[in-house]
Amino acid sequence: MTPGGPHPMTVRIVIPCYNEAERLPVDVFRGFAAEHPEVRFVFVNDGSTDATAEVLEQLRGVDPGVFEVVTLERNQGKAEAVRSGVLHAFRDEPEYVGYWDADLSTGLDQILVFRDALAQDSALSGALGSRVRLLGRHVERTVRRHYLGRIFATAAALLLGMAVYDTQCGAKLFRTTDEVRGLFSEPFLSKWIFDVEILARLIACRRRGGGAPASDALLEIPLPAWRDVGGSKIHTRHMVGAVGDLLRIWRRYRVG
């Protein structure tokens, strides 16, 4: 099956938004949705204090069936914004549900790549974007963020006991199953490194159920391009706090 092929499968993509009025590429979303009607978007306004609410309402007005808006009255952090959006998306019983960063550091075209990878292998539960700096690929990150990211990713992989290269890329897609629904059923421990907790929950679920290892249910897909867009909400203090969150996740799920 090729992206945009003759047998579209329903996809819901959650876009967490906190003060994104100046960064949200509205025209890109509209253009992509017009070409791929099988993909619909759930924007979550996470208690923004700028004009994000107005921007999202204008976008919803274009086509309420394609662009939905979930509003959180106060800022709760990316983890709960994503979880709220995913739970909302589950209501429509789509075949695939995922989440994407609002600044589109990962292009929307990769949604189709992720979807087709899952469609071709029924054993897979999720496809994870991976920011691997390889020749011929255009992964643009500051030196500081690259090395901090690699240190964190290595620590997360060791904690999980899983050879995952990049836990924190904000582009992920999952097959809608009861198991995947369970991954989002309860609030996450961390506001920022919930991606690690999703993996920890899957590992714990597979161990309890005696099924195939969680690593067999996931596919990391190296991105052809990724760019570090200015205005990120993640700062050095979040990286420091993430170490404590890693330990809390390990104690809760005893993975690795």
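The values are calculated or read from the model by the stated rules, or taken from the named source; none is laboratory data. Here the structure is a predicted model, which is why all the values come from computation and not from measurement. Note that each Cβ is placed from the backbone with ideal geometry, even for glycine, and that neighbours are counted across all protein chains shown.
Structural remarks
- Wholly enclosed helices (runs of 4 or more DSSP H) of region 1-101 bearing at least 1 residues among the polar types (S, T, N, Q): 52-62, 78-90
- Residue that is modelled with the lowest pLDDT [pool: residues in region 122-152 that are under 22 Å from Leu112 (Cβ atoms) and among the small types (Gly, Ala, Ser)]: Gly136
- Gly47 falls short of the stated requirement of being small (Gly, Ala, Ser), over 18 Å from the mean Cα position of the chain (by Cα) and modelled with pLDDT under 95.
- Annotation note: of Ile198, Ile193, Ile203, the sole residue that is at pLDDT 90 or above and touching a Ser or Thr at 6+ places or on another chain (Cβ under 8 Å) is Ile193.
- Among the numbered conditions (1) of a type in the set (D, E, K, R); (2) out of contact with any strand residue (DSSP E or B) (no Cβ under 9 Å at 6 or more places or on another chain); (3) surrounded by 21 or more Cβ atoms within 10 Å (Cβ to Cβ), the only one that Asp195 does not meet is (2).
- Region 102-137 - residue that is hydroxyl-bearing (Ser, Thr, Tyr) and part of a loop (DSSP other than H, G, I, E, B) and, of those, farthest from Thr71 (Cα to Cα): Ser122
- Which listed residue, of Val97, Val86, Val66, is surrounded by fewer than 20 Cβ atoms within 10 Å (Cβ to Cβ) and not aromatic (Phe, Trp, Tyr): Val66
- Residue check for Asp121: buried (at least 16 other Cβ atoms within 10 Å of the Cβ), acidic (Asp, Glu) and either touching a residue at least 40 places away in the same chain (Cβ under 8 Å) or in contact with a Pro (Cβ under 9 Å, 6 or more places away or on another chain) (or both): no
- Just one of the listed residues (Thr167, Thr154) is hydroxyl-bearing (Ser, Thr, Tyr) and either surrounded by 19 or more Cβ atoms within 10 Å (Cβ to Cβ) or touching a His at 6+ places or on another chain (Cβ under 9 Å) (or both), and it is Thr167.
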